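Colleague: Just dropping this structure here.
The values are calculated or read from the model by the stated rules, or taken from the named source; none is laboratory data. Computed from a predicted structure; not experimentally measured. In this analysis, Cβ positions are derived from the backbone assuming ideal geometry, glycine residues included, and neighbour counts consider all displayed protein chains. Accessible surface areas use protein heavy atoms only, side chains included; no ligands, DNA or RNA. Shrake-Rupley method; radii C 1.70, N 1.55, O 1.52, S 1.80 Å.
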Amino acid sequence: MSDKVMQVQEEALAAIEQATTLEQLQQVKIQYLGKKGSIQALMSEMKALPQEKKPAFGQKVNVCKDTVAKVLESKEEVLKIAALAGKLEAEKIDITLAGDTHKLGTTHPLVMIQQEIEDLFLSMGYKVAEGPEVEQDYYNFELANTPKDHPARDMQDTFYIDPNTLLRTHTTAMQMRELEKAKGQVPIKLICPGKVYRRDDDDATHSHQFMQCEGLVVGENITLADLKGTLEYMASTMFGQGRTVRFRPSYFPFTEPSVEVDVSCPFCNGKGCNVCKGSGWIEILGAGMVHPNVLRMNGFDPEKYSGFAFGVGLERVAMLKYGIDDIRNFYTNDVRFLKIFDRFD
Ligand code: PHE
(Lines give C-alpha, C1' and ligand atoms only; values in the text may rest on other atoms or scores of the structure.)
Protein backbone atom coordinates (compact mmCIF):
# COMPACT_ATOMS: atom_id res chain seq x y z
CA MET A 1 0.00 0.00 0.00
CA SER A 2 2.78 2.45 0.82
CA ASP A 3 4.14 1.78 -2.67
CA LYS A 4 1.02 3.39 -3.93
CA VAL A 5 1.80 6.52 -1.87
CA MET A 6 5.29 6.58 -3.35
CA GLN A 7 3.83 6.14 -6.80
CA VAL A 8 1.39 9.05 -6.39
CA GLN A 9 4.21 11.22 -5.02
CA GLU A 10 6.49 10.42 -7.95
CA GLU A 11 3.73 11.06 -10.45
CA ALA A 12 2.97 14.37 -8.77
CA LEU A 13 6.63 15.44 -8.73
CA ALA A 14 7.00 14.50 -12.40
CA ALA A 15 3.90 16.50 -13.30
CA ILE A 16 5.27 19.48 -11.39
CA GLU A 17 8.56 19.10 -13.19
CA GLN A 18 6.80 19.09 -16.56
CA ALA A 19 4.59 22.10 -15.94
CA THR A 20 5.96 25.05 -17.85
CA THR A 21 3.29 27.65 -17.09
CA LEU A 22 1.49 28.80 -13.96
CA GLU A 23 -1.78 27.60 -15.47
CA GLN A 24 -0.42 24.08 -15.96
CA LEU A 25 0.96 24.08 -12.42
CA GLN A 26 -2.45 25.12 -11.11
CA GLN A 27 -3.95 22.09 -12.85
CA VAL A 28 -1.36 19.83 -11.23
CA LYS A 29 -2.16 21.36 -7.86
CA ILE A 30 -5.86 20.60 -8.27
CA GLN A 31 -5.12 17.13 -9.59
CA TYR A 32 -3.00 16.10 -6.61
CA LEU A 33 -3.66 18.43 -3.70
CA GLY A 34 -7.27 19.38 -4.41
CA LYS A 35 -10.24 18.09 -2.37
CA LYS A 36 -10.94 15.51 -5.03
CA GLY A 37 -7.25 15.02 -5.84
CA SER A 38 -5.17 11.83 -5.75
CA ILE A 39 -3.58 12.49 -2.35
CA GLN A 40 -6.96 13.06 -0.73
CA ALA A 41 -8.09 9.83 -2.34
CA LEU A 42 -5.24 8.02 -0.55
CA MET A 43 -6.58 9.34 2.74
CA SER A 44 -9.96 7.83 1.98
CA GLU A 45 -8.34 4.50 1.28
CA MET A 46 -6.94 4.51 4.81
CA LYS A 47 -10.40 3.70 6.20
CA ALA A 48 -10.23 0.24 4.67
CA LEU A 49 -6.94 -0.58 6.42
CA PRO A 50 -6.69 -2.59 9.60
CA GLN A 51 -6.42 -0.42 12.70
CA GLU A 52 -2.70 -1.07 13.40
CA LYS A 53 -1.61 0.00 9.94
CA LYS A 54 -3.51 3.22 9.92
CA PRO A 55 -0.98 5.50 11.78
CA ALA A 56 2.02 4.53 9.61
CA PHE A 57 0.03 4.90 6.43
CA GLY A 58 -1.43 8.19 7.51
CA GLN A 59 2.02 9.52 8.30
CA LYS A 60 3.29 8.51 4.84
CA VAL A 61 0.41 10.23 3.12
CA ASN A 62 1.09 13.38 5.15
CA VAL A 63 4.79 13.33 4.23
CA CYS A 64 3.79 12.84 0.61
CA LYS A 65 1.33 15.74 0.80
CA ASP A 66 3.92 18.07 2.41
CA THR A 67 6.60 17.12 -0.10
CA VAL A 68 4.34 17.70 -3.09
CA ALA A 69 3.11 21.02 -1.64
CA LYS A 70 6.65 22.27 -0.97
CA VAL A 71 7.98 21.33 -4.41
CA LEU A 72 4.90 22.82 -6.01
CA GLU A 73 5.38 26.05 -4.10
CA SER A 74 8.98 26.47 -5.16
CA LYS A 75 8.11 25.66 -8.77
CA GLU A 76 5.41 28.28 -8.54
CA GLU A 77 8.02 30.85 -7.48
CA VAL A 78 10.24 29.90 -10.40
CA LEU A 79 7.39 30.15 -12.90
CA LYS A 80 6.26 33.49 -11.47
CA ILE A 81 9.71 34.95 -11.93
CA ALA A 82 9.86 33.54 -15.45
CA ALA A 83 6.44 34.97 -16.27
CA LEU A 84 7.49 38.40 -15.02
CA ALA A 85 10.72 38.27 -17.01
CA GLY A 86 8.74 37.29 -20.11
CA LYS A 87 6.34 40.17 -19.60
CA LEU A 88 9.16 42.64 -19.11
CA GLU A 89 10.84 41.39 -22.24
CA ALA A 90 7.63 41.65 -24.25
CA GLU A 91 6.94 45.16 -23.04
CA LYS A 92 10.45 46.42 -23.48
CA ILE A 93 10.72 49.79 -25.20
CA ASP A 94 13.81 51.08 -26.87
CA ILE A 95 14.19 54.51 -25.37
CA THR A 96 16.99 55.31 -27.81
CA LEU A 97 14.62 55.15 -30.80
CA ALA A 98 13.87 58.49 -32.46
CA GLY A 99 10.50 59.77 -31.19
CA ASP A 100 7.64 61.39 -33.09
CA THR A 101 7.93 65.14 -32.86
CA HIS A 102 4.80 67.21 -32.55
CA LYS A 103 5.23 70.71 -33.80
CA LEU A 104 3.58 73.15 -31.45
CA GLY A 105 2.12 76.37 -32.74
CA THR A 106 3.15 79.74 -31.38
CA THR A 107 1.07 82.61 -30.13
CA HIS A 108 0.40 85.01 -32.99
CA PRO A 109 2.32 88.28 -32.49
CA LEU A 110 -0.90 90.31 -32.63
CA VAL A 111 -2.45 88.13 -29.95
CA MET A 112 0.68 88.67 -27.88
CA ILE A 113 0.32 92.44 -28.15
CA GLN A 114 -3.39 92.20 -27.39
CA GLN A 115 -2.70 90.14 -24.27
CA GLU A 116 0.00 92.54 -23.17
CA ILE A 117 -2.36 95.51 -23.49
CA GLU A 118 -5.18 93.61 -21.77
CA ASP A 119 -2.92 92.66 -18.84
CA LEU A 120 -1.76 96.25 -18.52
CA PHE A 121 -5.25 97.73 -18.42
CA LEU A 122 -6.77 94.95 -16.31
CA SER A 123 -4.09 95.77 -13.74
CA MET A 124 -5.42 99.34 -13.70
CA GLY A 125 -8.98 98.18 -13.09
CA TYR A 126 -10.30 98.39 -16.65
CA LYS A 127 -12.62 95.75 -18.04
CA VAL A 128 -12.24 94.17 -21.47
CA ALA A 129 -15.31 94.59 -23.70
CA GLU A 130 -16.31 92.59 -26.76
CA GLY A 131 -18.57 93.31 -29.70
CA PRO A 132 -19.56 92.09 -33.18
CA GLU A 133 -17.38 92.51 -36.27
CA VAL A 134 -20.48 92.69 -38.47
CA GLU A 135 -21.89 95.88 -37.05
CA GLN A 136 -24.76 98.28 -37.49
CA ASP A 137 -24.05 101.63 -39.08
CA TYR A 138 -25.74 103.07 -35.97
CA TYR A 139 -22.99 101.96 -33.56
CA ASN A 140 -20.08 102.35 -35.95
CA PHE A 141 -20.99 105.88 -37.05
CA GLU A 142 -24.30 107.41 -35.88
CA LEU A 143 -23.78 107.10 -32.12
CA ALA A 144 -20.17 108.15 -32.63
CA ASN A 145 -21.39 111.56 -33.77
CA THR A 146 -20.89 110.73 -37.46
CA PRO A 147 -24.30 110.98 -39.21
CA LYS A 148 -24.86 109.71 -42.75
CA ASP A 149 -23.79 112.82 -44.66
CA HIS A 150 -20.83 113.61 -42.37
CA PRO A 151 -17.61 114.24 -44.33
CA ALA A 152 -15.62 112.28 -41.72
CA ARG A 153 -17.16 109.08 -43.07
CA ASP A 154 -14.73 109.45 -45.95
CA MET A 155 -11.84 108.99 -43.50
CA GLN A 156 -12.74 105.33 -43.30
CA ASP A 157 -13.62 103.54 -46.51
CA THR A 158 -16.26 101.10 -45.41
CA PHE A 159 -17.31 97.58 -46.45
CA TYR A 160 -21.11 97.79 -46.44
CA ILE A 161 -23.24 94.66 -46.37
CA ASP A 162 -26.47 96.64 -46.73
CA PRO A 163 -27.15 100.34 -46.09
CA ASN A 164 -27.41 99.73 -42.33
CA THR A 165 -24.93 96.90 -41.86
CA LEU A 166 -21.17 96.99 -42.28
CA LEU A 167 -17.89 95.44 -41.20
CA ARG A 168 -16.88 97.68 -38.31
CA THR A 169 -14.25 100.20 -39.38
CA HIS A 170 -13.02 100.87 -35.87
CA THR A 171 -13.39 99.46 -32.38
CA THR A 172 -15.17 102.71 -31.47
CA ALA A 173 -18.34 100.78 -32.37
CA MET A 174 -17.80 98.66 -29.24
CA GLN A 175 -17.35 101.79 -27.12
CA MET A 176 -20.73 103.05 -28.33
CA ARG A 177 -22.38 99.75 -27.42
CA GLU A 178 -20.81 99.90 -23.95
CA LEU A 179 -21.82 103.54 -23.42
CA GLU A 180 -25.39 102.72 -24.42
CA LYS A 181 -25.42 99.67 -22.13
CA ALA A 182 -24.19 101.73 -19.15
CA LYS A 183 -27.43 103.79 -19.24
CA GLY A 184 -25.77 106.89 -17.83
CA GLN A 185 -23.99 105.07 -14.96
CA VAL A 186 -20.37 106.04 -14.22
CA PRO A 187 -17.53 105.21 -13.87
CA ILE A 188 -16.81 103.52 -17.19
CA LYS A 189 -13.33 102.13 -17.61
CA LEU A 190 -12.84 99.70 -20.42
CA ILE A 191 -10.77 98.66 -23.38
CA CYS A 192 -12.14 96.99 -26.48
CA PRO A 193 -9.66 95.10 -28.65
CA GLY A 194 -10.70 93.51 -31.92
CA LYS A 195 -10.49 93.18 -35.69
CA VAL A 196 -11.61 96.02 -37.92
CA TYR A 197 -12.01 96.34 -41.70
CA ARG A 198 -11.48 99.08 -44.26
CA ARG A 199 -11.52 99.12 -48.04
CA ASP A 200 -7.80 99.72 -48.41
CA ASP A 201 -5.53 98.27 -51.05
CA ASP A 202 -3.11 95.99 -49.25
CA ASP A 203 0.53 97.04 -49.30
CA ALA A 204 3.43 97.08 -46.83
CA THR A 205 1.65 99.49 -44.49
CA HIS A 206 -2.05 98.97 -45.31
CA SER A 207 -4.27 95.99 -44.78
CA HIS A 208 -8.03 95.73 -45.41
CA GLN A 209 -8.23 93.85 -42.11
CA PHE A 210 -6.32 94.93 -39.03
CA MET A 211 -6.61 95.11 -35.27
CA GLN A 212 -7.28 97.96 -32.91
CA CYS A 213 -7.62 98.38 -29.21
CA GLU A 214 -9.55 101.33 -27.87
CA GLY A 215 -9.77 102.61 -24.35
CA LEU A 216 -12.61 104.58 -22.81
CA VAL A 217 -12.96 106.24 -19.43
CA VAL A 218 -16.02 108.27 -18.40
CA GLY A 219 -16.62 109.78 -14.99
CA GLU A 220 -16.44 113.02 -13.09
CA ASN A 221 -13.49 115.37 -13.63
CA ILE A 222 -11.74 113.24 -16.25
CA THR A 223 -9.28 115.49 -18.08
CA LEU A 224 -6.81 115.48 -20.92
CA ALA A 225 -4.07 115.16 -18.28
CA ASP A 226 -5.55 111.78 -17.23
CA LEU A 227 -5.40 110.70 -20.87
CA LYS A 228 -1.79 111.80 -21.19
CA GLY A 229 -0.72 110.04 -17.99
CA THR A 230 -2.48 106.85 -19.01
CA LEU A 231 -0.90 106.85 -22.47
CA GLU A 232 2.55 107.61 -21.07
CA TYR A 233 2.23 104.65 -18.73
CA MET A 234 1.07 102.45 -21.59
CA ALA A 235 3.95 103.60 -23.84
CA SER A 236 6.53 102.94 -21.12
CA THR A 237 5.13 99.46 -20.46
CA MET A 238 4.96 98.54 -24.14
CA PHE A 239 8.14 100.19 -25.43
CA GLY A 240 10.41 100.43 -22.40
CA GLN A 241 10.75 102.67 -19.38
CA GLY A 242 11.03 106.40 -19.79
CA ARG A 243 8.89 106.79 -22.94
CA THR A 244 7.14 110.13 -23.15
CA VAL A 245 4.19 111.07 -25.34
CA ARG A 246 3.26 114.27 -27.12
CA PHE A 247 -0.09 115.40 -28.42
CA ARG A 248 -0.69 117.03 -31.79
CA PRO A 249 -4.08 118.54 -32.62
CA SER A 250 -6.21 116.36 -34.86
CA TYR A 251 -9.80 115.66 -35.73
CA PHE A 252 -12.20 112.80 -34.98
CA PRO A 253 -15.96 113.35 -34.94
CA PHE A 254 -16.37 111.51 -31.64
CA THR A 255 -13.75 113.40 -29.62
CA GLU A 256 -13.24 117.08 -28.84
CA PRO A 257 -10.47 118.07 -28.60
CA SER A 258 -8.90 115.32 -30.68
CA VAL A 259 -5.21 114.51 -30.77
CA GLU A 260 -2.69 112.40 -32.61
CA VAL A 261 -0.30 110.85 -30.13
CA ASP A 262 3.39 110.37 -30.72
CA VAL A 263 5.69 108.34 -28.48
CA SER A 264 9.36 109.26 -28.06
CA CYS A 265 11.30 106.94 -30.37
CA PRO A 266 12.31 103.78 -28.47
CA PHE A 267 15.12 103.09 -30.95
CA CYS A 268 17.11 106.30 -30.55
CA ASN A 269 15.57 107.57 -27.31
CA GLY A 270 14.24 110.62 -29.11
CA LYS A 271 17.54 111.66 -30.69
CA GLY A 272 16.48 110.91 -34.26
CA CYS A 273 17.10 107.79 -36.33
CA ASN A 274 15.85 106.18 -39.52
CA VAL A 275 12.86 104.53 -37.81
CA CYS A 276 11.51 107.89 -36.60
CA LYS A 277 12.81 109.58 -39.75
CA GLY A 278 15.03 111.85 -37.71
CA SER A 279 12.14 113.41 -35.75
CA GLY A 280 12.65 111.52 -32.47
CA TRP A 281 8.88 110.77 -32.38
CA ILE A 282 6.70 107.98 -33.71
CA GLU A 283 2.97 108.36 -34.23
CA ILE A 284 1.11 105.54 -32.55
CA LEU A 285 -2.49 106.45 -31.90
CA GLY A 286 -5.48 108.75 -32.07
CA ALA A 287 -7.25 109.98 -28.96
CA GLY A 288 -9.25 112.78 -27.40
CA MET A 289 -11.90 113.80 -24.93
CA VAL A 290 -15.25 112.13 -25.58
CA HIS A 291 -17.38 114.57 -27.60
CA PRO A 292 -20.29 116.09 -25.61
CA ASN A 293 -22.65 114.95 -28.38
CA VAL A 294 -21.52 111.34 -27.89
CA LEU A 295 -22.09 111.60 -24.15
CA ARG A 296 -25.51 113.18 -24.66
CA MET A 297 -26.67 110.70 -27.31
CA ASN A 298 -25.72 107.86 -24.99
CA GLY A 299 -27.56 109.31 -22.00
CA PHE A 300 -24.73 111.02 -20.08
CA ASP A 301 -24.97 114.65 -19.02
CA PRO A 302 -21.87 116.36 -20.53
CA GLU A 303 -22.15 119.11 -17.91
CA LYS A 304 -21.58 116.55 -15.21
CA TYR A 305 -19.41 113.92 -16.81
CA SER A 306 -16.43 113.87 -19.08
CA GLY A 307 -14.28 111.15 -20.54
CA PHE A 308 -11.30 110.31 -22.67
CA ALA A 309 -10.90 107.77 -25.46
CA PHE A 310 -7.98 106.48 -27.46
CA GLY A 311 -7.49 103.94 -30.23
CA VAL A 312 -4.28 102.16 -31.08
CA GLY A 313 -3.48 99.92 -34.05
CA LEU A 314 -2.01 96.64 -32.83
CA GLU A 315 -0.09 95.93 -36.05
CA ARG A 316 1.64 99.27 -35.73
CA VAL A 317 2.67 98.50 -32.15
CA ALA A 318 3.88 95.01 -33.12
CA MET A 319 5.78 96.34 -36.15
CA LEU A 320 7.61 98.88 -33.99
CA LYS A 321 8.23 96.52 -31.15
CA TYR A 322 9.53 93.62 -33.22
CA GLY A 323 10.99 95.55 -36.17
CA ILE A 324 8.56 94.13 -38.76
CA ASP A 325 8.50 96.11 -42.00
CA ASP A 326 5.49 94.62 -43.83
CA ILE A 327 1.99 94.47 -42.33
CA ARG A 328 1.04 91.60 -44.68
CA ASN A 329 3.28 89.30 -42.64
CA PHE A 330 0.59 89.19 -39.96
CA TYR A 331 -2.01 87.78 -42.33
CA THR A 332 -0.14 85.49 -44.71
CA ASN A 333 0.71 83.22 -41.78
CA ASP A 334 4.03 81.96 -43.09
CA VAL A 335 5.21 79.61 -40.34
CA ARG A 336 8.80 80.83 -40.76
CA PHE A 337 7.57 84.28 -39.73
CA LEU A 338 5.34 83.02 -36.92
CA LYS A 339 8.12 80.80 -35.53
CA ILE A 340 10.21 83.90 -34.76
CA PHE A 341 7.80 84.71 -31.95
CA ASP A 342 8.48 81.48 -30.10
CA ARG A 343 11.10 83.16 -28.01
CA PHE A 344 8.88 86.09 -26.96
CA ASP A 345 6.15 83.73 -25.75
N1 PHE B 1 -11.45 105.36 -33.99
C2 PHE B 1 -10.28 106.10 -34.38
C3 PHE B 1 -9.66 105.43 -35.60
O4 PHE B 1 -9.99 104.33 -35.90
C5 PHE B 1 -9.25 106.12 -33.28
C6 PHE B 1 -9.71 106.86 -32.09
C7 PHE B 1 -10.32 106.19 -31.06
C8 PHE B 1 -9.57 108.23 -31.97
C9 PHE B 1 -10.74 106.85 -29.93
C10 PHE B 1 -9.98 108.89 -30.88
C11 PHE B 1 -10.56 108.22 -29.86
O12 PHE B 1 -8.87 106.03 -36.29
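Colleague: Which of Val128, Val261, Val68 moves most in a GNM of the chain, Cα contacts under 10 Å?
Modeller: Val68
Colleague: Once you charge only the Cβ atoms, +1 for Lys and Arg and -1 for Asp and Glu, what is the size of the charge dipole of segment 25-145 about its Cα centre, to the nearest 20 debye?
Modeller: That gives a dipole near 2600 debye.
Colleague: Between Glu133 and Ile324, what is the spin-label point distance in nm, taking each point 7 Å from the Cα along the Cα→C-beta axis?
Modeller: 1.6
Colleague: Below 8 Å, C-alpha to C-alpha, sequence gap of six or more: please give me the relative contact order for segment 226-345 in percent.
Modeller: After rounding, I find 17 percent.
Colleague: Of the candidates Glu118, Glu303, Glu133, which one comes out as most mobile in a Gaussian network treatment of the chain with C-alpha springs shorter than 10 Å?
Modeller: Glu303
Colleague: Show that you can apply the helix-only estimate: for the chain, add -39,500 (n - 2.57) for every DSSP H stretch of four or more residues, divide by all residues, and state [θ] at 222 nm to the nearest 500.
Modeller: Taken over the chain, the calculation gives -13000 deg cm²/dmol.
Colleague: Further question on the same structure: How big is the convex hull of the Cα atoms of segment 95-149, per residue, in Å³? It would help to have the intermediate numbers written out before the result.
Modeller: Numbers: hull volume 10.1 nm³, N = 55.
With only Cα atoms used, segment 95-149 gives 184 Å³ per residue.
Colleague: Average the reciprocal distances over every distinct pair of alpha-carbons in segment 68-176, invert the result, and give the Kirkwood radius in Å.
Modeller: 21.0
Colleague: Write down the accessible area per residue of the chain in Å², having rolled a 1.4 Å probe over the full set of protein chains. Each step should come with its number before you reach the end.
Modeller: Working: 19530 Å² over 345 residues.
Ligands and nucleic acids excluded, the result is 57 Å² per residue.
Colleague: Run the numbers on segment 51-189 and let me know its relative contact order in percent, using alpha-carbon pairs under 8 Å that are six or more apart.
Modeller: Normalised by residue count, the contact order of segment 51-189 is 19 percent.
Colleague: Continuing with the same structure: Nothing charged except the Cβ atoms of Lys and Arg (+1) and of Asp and Glu (-1): what's the magnitude of the dipole of segment 109-341 about its Cα centre? Round to the nearest 20 debye.
Modeller: Using only the charged Cβ atoms, the result is roughly 560 debye.
Colleague: Express the Stokes-Einstein translational diffusion coefficient of segment 1-91 in µm² s⁻¹, to the nearest whole number, given a Kirkwood radius over alpha-carbon pairs, 20 °C and a viscosity of 1.002 mPa s.
Modeller: The estimated diffusion coefficient comes to 151 µm²/s.
Colleague: Also, I was wondering about something else. Could you state the angle between the C-alpha long axis of helix 172-182 and the longest principal axis of the C-alpha atoms of the chain, as a value from 0 to 90 degrees rounded to the nearest 10?
Modeller: For helix 172-182, the angle is close to 80 degrees.
Colleague: If I model a spin label at Cys273 and Asp201 as a point 7 Å from the Cα along the Cα→Cβ vector, what separation in nanometres do I get?
Modeller: Distance between the two pseudo-spin positions: 3.3 nm.
Colleague: So, one more: Using a 4.7 Å cut-off between beta carbons, which cysteines in the chain end up with no partner cysteine at all?
Modeller: If one checks each Cβ against the other cysteines of the chain, Cys64, Cys192, Cys213 turn up with nothing under 4.7 Å.
Colleague: Please report, as a whole percent, how much of the solvent-accessible surface of segment 1-91 comes from carbon and sulfur atoms (probe radius 1.4 Å). Can you show the working numbers first?
Modeller: On the way: 3570 of 6340 Å².
Carbon-and-sulfur percentage of accessible area, whole number: 56.
Colleague: Divide, for the chain, the radius of gyration over alpha carbons by 2.2 N^0.38 Å, where N is the residue count.
Modeller: This ratio for the chain stands at 2.11.
Colleague: Once the Cβ-Cβ distance between Asn333 and Lys183 is put in as r, and R0 is 35 Å, what FRET efficiency do you end up with, to the nearest 0.05?
Modeller: Efficiency, from the Cβ-Cβ distance: 0.25.
Colleague: Determine the relative contact order of the chain: mean sequence separation of Cα pairs under 8 Å and six or more apart, normalised by residue count, in whole percent.
Modeller: Details: 523 pairs, mean separation 51.1, N = 345.
Answer for the chain is 15 percent.
Colleague: With springs only between Cα atoms under 10 Å, which of Lys304, Lys181, Lys35 fluctuates most in a Gaussian network model of the chain?
Modeller: Among Lys304, Lys181, Lys35, the largest mean-square fluctuation in the Gaussian network model of the chain belongs to Lys35.
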